[in-house]
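Down below is the structure, laid out as structure tokens.
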Amino acid sequence: MNTQLNKIIWIAISLLGAAAVGGIALNRGEDINALWFVTAALCIYAIAYRFYAAWIAANVLVIDTTRATPAERLDNGKDFVPTNRWILFGHHFAAIAGPGPLVGPTLAAQFGYLPGTLWILFGAVLGGCVQDMVTLFLSTRRDAKSLGQMARDELGPLGGTAALIGTFFIMIILIAVLGLVVVNAMKHSPWATSTVAATIPIAMIVGVYMRFIRPGQVLEASAIGVILLLLSVVAGGWIDNNATLRILFDHEGLTLAWCVMVYGFAAAILPVWLLLAPRDYLSTYIKVGTITLLALAIIMLQPEVKMPALTQFIDGTGPIFGGKLFPFVFITIACGAISGFHALIASGTTPKLLINERDIRMIGYGAMLLESFVALMAMIAATVLDPGVFFAINSPAGVVGALEIDAVAKISSWGFPVTVEQMQRLANQMGEASLFARTGGAPSLAVGMASIFGSAFGEKLLALWYHFAIMFEAIFILTTLDAGTRVGRFMLQDMLGNIWPKMGKTSWAPSVIFTSALVVSGWGYFLYIGVIDPNGGVNILWPLFGIANQMLAAIALSVATGILIKSDKLKYAWVTGLPLLWLIIITSSAAWEKIASTDVRVGFFAGANDLVAKLASGSMSPEKASVAPQLIFNLQLDAWLTVFFVALLWLIVFDMLRVCGRYLAGKPVPPLSETPHRPSRWVEDWVRD
């Protein structure tokens, strides 16, 4: 009876999910309710987790719950620590959930709601979740080795070295974009800047409280931290209305960029317990709580999605960034569907804390499902705005015009009416001086979230909701920025340790300071590129971020596919092989567009050549001419970096295919580096008890 009821329930969920997806995909010319998006997501996620993830765990990976994990075998109370599955889930989610699922869908909304939504739903369950889960499993079976170390052991020195170098440089690009999003959200916004700045001492207070004042009192410290974070949002409004104090937090983008760099350096060298760990912990509460609240508000309000399913900008003429629907919707969505950055957390970090292999499905597959849901909430928040308002916030002044009257005229000519009065009224409601040309995705997402929260819980508090959303986004981003900087430091120390062994000691102060400074200098330079760009930096850096991130995912899937084949699981290699093939297609296509396109808004070389011609003809304003040489160099550098990344990807893929071909032909290959089976002491104790 229970079996029959179970079947009926899952059939009902399947039919409901299919109806929701059909309604989203086939709707044309009429408003569609956002509730359909939530319904489709929950049904698809439930089916994928219950059946596909379980099948992979049982048949492809062959999870062994009796096997001791590295956290048990190598427990040292520092790096390897057996951790409760729910605490580890929160830690893992906090580490992987950066700006990608928030900003990517917001920017991709310029194509309409349909392409991005479908990719978020299906790309995650078939690609992103699989990558995270499989990488976590493989690293757990290899003493929690990093992705680069696994590549070196399983593919050999050529592919392994390429993976190590590619992973490090891709990490630099990823962190730079994180900083750019934060800077664009805080620029000339005293309320936002003061609120974000307050999150740093709050995290340190919580760290000191848990370590020295009340050790072990996690709930107390968490309550104090959350209350202080909420008070910081209220205090930000008071600072913004104080003529003396607001000047202290009203800064240009370049000043804020330097502040972010200093923060990144400090986060990389300070003890983990003082800043990184408490920020991680607090951010999990804020992230999960806010997304849950947003989902409940959407269910209560059932807002209508105002953005059309497809816009005219699928042809590549979009104002936010250049590029056609294919391949740039996939590159732009990035982390909302699949993220290479997750592979760095799922290997070398989370496996050191995993208490039992049975938790791999929940943490690896489940956390990515939650991140995909975050991306869907971001898509809804962006598309429930009036399209004219959405484009007025996200379109750079260099595209629509520096004057407000010119911007609204340009945007209205696209068929998305908006007025100066409408934008000014909205800015006043949000507690901002202006919302025009607030590029980067974060401000428009905050406006969308504030509108939903205001309608559900009180429109008189719109300014408070807006800056709460900014704080929420900043916590998302800074958590990943400081964790990424520290991971980058470890990677650089590992590489330099091959030259001078002492540099490989992660606790040696000179090595810590030197490598941290190099990592921050690397991503700080690209952050500087984005800040001085007249078009807001998004058009230059976000495509490079997306390409680099998806290439990193392809590297992870290449290593996973190679290991599956070497493990005599050729018939299951399609599980990672098909997502890998798709990523190779979209990243190579996007890289080709960014390198070879003659469209100045798409091709890096084309953009550089256009600036050279304008500079030579004297048609630039003095202000733009002063930064043109730097922008020309930056565009050319981005182009060559794209060439470098795609060359590394193909080198790793071909090396993986070479190793697999040799294995299938019975020729010698690097042996599997999986550690021998050792029974778990805890399982034996449970059985005995």
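Kindly flag which residue pairs out of LYS187/LYS287; LYS324/LYS569; LYS187/LYS352; LYS187/LYS502; LYS145/LYS569 have an alpha-carbon separation exceeding 30 Å in this structure. Provide the component values of the computation, followed by the final result.
On the way: LYS187/LYS287 23 Å; LYS324/LYS569 38 Å; LYS187/LYS352 39 Å; LYS187/LYS502 41 Å; LYS145/LYS569 21 Å.
Listed pairs above 30 Å: LYS324/LYS569; LYS187/LYS352; LYS187/LYS502.
Give, in nm to one decimal, the length gained when the segment between ALA223 and LYS7 is fully stretched (0.36 nm per residue of separation minus the Cα-Cα distance). Before the final figure, lay out each step's value.
Numbers: separation 216, 0.36 × 216 = 77.76 nm, distance 4.21 nm.
Going from the current span to full extension adds 73.5 nm.
Mind listing P(r) for the stretch 1-126? All alpha-carbon pairs, 5 Å bins, whole percents.
Bin by bin from 0 Å, the calculated values are 2, 8, 12, 15, 16, 14, 12, 9, 7, 4, 1, 0, 0.
Determine Rg/Rh for the stretch 149-235; Rg is computed over alpha-carbon atoms and Rh is the Kirkwood hydrodynamic estimate from the same atoms.
Ratio value, two decimals: 1.23.
Mind pulling the per residue volume of the convex hull built on the Cα atoms of the stretch 578-617? Å³ is fine.
Values: hull volume 1.7 nm³, N = 40.
Per residue, the Cα convex hull of the stretch 578-617 comes to 42 Å³.
Please give the helix 276-301 orientation as an angle from the longest Cα principal axis of the chain, in degrees from 0 to 90, rounded to the nearest 10.
60
So how do 139-148, 105-114, 83-92, 194-203 stack up, highest first, on mean other-Cβ count within 10 Å? Present the calculation step by step, with values, prior to reporting the outcome.
Numbers: 139-148: 23.7, 105-114: 28.2, 83-92: 18.1, 194-203: 21.5.
The densest-packed peptide leads the list: 105-114, 139-148, 194-203, 83-92.
Given charges of +1 on the Cβ of Lys and Arg and -1 on the Cβ of Asp and Glu, with all other atoms neutral, how large is the dipole of the chain about its Cα centre, in debye to the nearest 20?
On the way: 43 positive and 41 negative charges, 315 e Å.
That gives the chain a dipole magnitude of about 1520 debye.
What is the chain's relative contact order, in percent, from Cα pairs under 8 angstrom and six or more apart in sequence? Let's see the in-between values first.
Values: 1113 pairs, mean separation 169.6, N = 689.
Relative contact order for the chain comes out at 25 percent.
Please give the per residue volume of the convex hull enclosing the alpha carbon atoms of the chain, rounded to a whole number of Å³.
Details: hull volume 117.8 nm³, N = 689.
Considering the Cα atoms of the chain, their hull volume per residue is 171 Å³.
Given Cα pairs under 8 Å that are at least 6 residues apart, what percent is the relative contact order of the stretch 567-667? Display every interim value, and only then the final one.
Working: 55 pairs, mean separation 22.4, N = 101.
Computed over the stretch 567-667, the figure is 22 percent.
Leaving out ligands and nucleic acids, note down the accessible area per residue over the chain with a 1.4 angstrom probe, in whole Å².
With the other protein chains kept in place, the chain gives 38 Å² per residue.
Just order 454-465, 11-22 by mean Cβ neighbour count inside 10 Å, highest at the front, would you? Walk me through the numbers before you get to the answer.
On the way: 454-465: 16.8, 11-22: 14.8.
Packing order, densest peptide first, comes out as 454-465, 11-22.
Could you grab the relative contact order for the stretch 98-224? Cα pairs under 8 Å, six or more apart, rounded to a whole percent. Provide the component values of the computation, followed by the final result.
Working: 43 pairs, mean separation 14.9, N = 127.
Relative contact order, the stretch 98-224: 12 percent.
Would you list THR284, THR65 from the most to the least accessible area, probe 1.4 Å?
Numbers: THR284 25, THR65 55 Å².
Final ranking, largest accessible area leading: THR65, THR284.
With only alpha-carbon atoms in the gyration tensor, what are the semi-axes of the equivalent ellipsoid for the stretch 224-319, in Å, largest first?
Numbers: eigenvalues 203, 104, 77 Å².
That gives 32, 23, 20 Å for the three semi-axes.
Considering the Cα positions of the stretch 600-689, please state its Rg to one decimal place and its Dmax as a whole number of Å.
Using the Cα atoms of the stretch 600-689, the pair Rg, Dmax is 27.3, 84 Å.
Quick check on the chain: helices-only [θ] at 222 nm, where DSSP H runs of length 4 and up contribute -39,500 (n - 2.57) each and the sum goes over total residues. Nearest 500, please. Provide the component values of the computation, followed by the final result.
Numbers: 28 runs with 469 residues, N = 689.
Rounded to the nearest 500, the figure is -23000 deg cm²/dmol.
Let me see the P(r) profile for the stretch 63-153: every Cα-Cα distance counted, bins of 5 Å, each bin given as a percent of all pairs.
Cα pair-distance distribution for the stretch 63-153, in percent: 3, 10, 14, 21, 18, 12, 9, 7, 4, 2, 0.
Rounded to whole Å, give me the distance from the Cα center of the stretch 593-627 to that of the stretch 159-211.
With the stretch 593-627 and the stretch 159-211 each reduced to a Cα centre, they are spaced 30 Å.
Heavy atoms only, probe 1.4 Å: what % of the accessible area of the chain goes to carbon and sulfur, would you let me know?
67
How large is Rg over Rh for the stretch 4-44, taking Rg from the Cα atoms and Rh as the Kirkwood inverse mean of 1/r across Cα pairs?
Numbers: Rg = 11.7 Å, Rh = 10.7 Å.
Here the Rg-to-Rh quotient is 1.09.
Consider just the alpha-carbon atoms of the stretch 523-615 and return their Rg together with their Dmax, both in angstrom.
For the stretch 523-615, the Cα radius of gyration and maximum Cα-Cα distance read 17.8, 60 Å.
So what's the angle, to the nearest 10 degrees on a 0 to 90 scale, between helix 85-96 and the longest Cα principal axis of the chain?
With rounding to tens, the tilt is 50 degrees.
Ratio of Rg to Rh for the stretch 230-387, alpha carbon only, Kirkwood? Walk me through the intermediate numbers first.
Values: Rg = 20.1 Å, Rh = 19.9 Å.
Result: Rg/Rh = 1.01.
Quickly work out the GLN422-to-GLU623 label distance, labels modelled 7 Å from Cα along the C-beta direction, and quote it in nm with one decimal.
Output for this residue pair reads 2.7 nm.
The values are calculated or read from the model by the stated rules, or taken from the named source; none is laboratory data. As the structure is a computational prediction, the values presented were derived from the model and not from experiment. Every residue, glycine as well, gets a Cβ built from its backbone with ideal geometry; the counts of neighbours run over all protein chains shown. The accessibility values were calculated without ligands, DNA or RNA, using every heavy atom of the protein model including side chains. Shrake-Rupley method; radii C 1.70, N 1.55, O 1.52, S 1.80 Å.
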